[in-house]
Ligand SMILES: C[S@@+](CC[C@H](N)C(=O)[O-])C[C@H]1O[C@@H](n2cnc3c(N)ncnc32)[C@H](O)[C@@H]1O
């Protein structure tokens, strides 16, 4: 698959990214309310959540921070985070994805470390914690992912930014995550950005239990094809 690549352009406020993508995945329709990818491997699709998360990271001051992305796929957020100054580890269970991430890092003149990580077997990754920030875009599309990610996140960092297009499994995840994390949600046209912060992190004072969720409106989210 990796021989047949096309170059995509992604507009970010601080300047565009160029991204090599398998041609068959670049041709998938993704303009509707619910994204879908019937044939191509999920890692190879340019999901709107990844682009939205990259736009959120673009222009952030991440200098000196250690950032890990889970289920990175094409790793657009990792590229944006690296451009913003972070030391980034991009991870996915699929080695083919990571081979292309390394090429795309070179193409965009950023340094990104990669590691093959399955959320069900994360010990090697946990051994590298703590990180300052976890990134994840559109990783909660299956109920089976809720439990391993709930377990993994607090072992990696006290803060996580999740982008999601409203998939039911993400709702189940957030409902349960709200018991241990404060959650701030920004709602876009297609993608919600959830910022999770472990209760009591940094302050030394654990917050009262009970769910804390704040919702604000995001600006319009362009699709990845824009
Ligand atoms: C819908 S894609 C999203 C890709 C990318 N984050 C984006 O937004 O474009 C889901 C990604 O999660 C990865 N993934 C799925 N299950 C996984 C698991 N158990 N451990 C690690 N990665 C996983 C897939 O390989 C794929 O790259």
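Nothing in this text is a laboratory measurement; each read-out follows from the coordinates by a stated rule. Only a predicted model underlies this, so the values are computations on that prediction, with no experimental measurement involved. When we count neighbours, we look across all protein chains shown, and the Cβ atoms used for this are built from the backbone with ideal geometry, even at glycine.
Can you report the number of residues in region 133-145 which are under 15 Å from the mean Cα position of the chain (by Cα) and within 13 Å of the ligand (Cβ to nearest atom)? Even if it seems obvious, please write down each step before you answer.
Of region 133-145, the ones under 15 Å from the mean Cα position of the chain (by Cα) are 133-141, 145.
Checking the rest, the ones that are also within 13 Å of the ligand (Cβ to nearest atom) come to 134-141, 145.
Selection size over region 133-145: 9.
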Open item on the list: Suppose we filter region 44-83 for residues that are without any contact (Cβ under 8 Å) to a residue 40 or more places away in the chain and either more than 9 Å from the ligand (Cβ to nearest atom) or closer than 19 Å to residue 186 by Cβ (or both); how many remain?
Closed with: 5
Open item on the list: Being within 12 Å of residue 72 (Cβ to Cβ), more than 10 Å from the ligand (Cβ to nearest atom) and not in a strand (DSSP E or B) is the filter here; which residues of region 102-120 pass it?
Closed with: 102, 104, 105
Task: Failed item, numbered, when residue 96 is tested on (1) touching a residue at least 40 places away in the same chain (Cβ under 8 Å); (2) farther than 24 Å from residue 201 by Cα; (3) surrounded by 22 or more Cβ atoms within 10 Å (Cβ to Cβ) - done: (3)
Open item on the list: Consider region 78-94. How many of its residues are outside any loop (DSSP other than H, G, I, E, B) and more than 16 Å from residue 131 (Cα to Cα)?
Closed with: 4
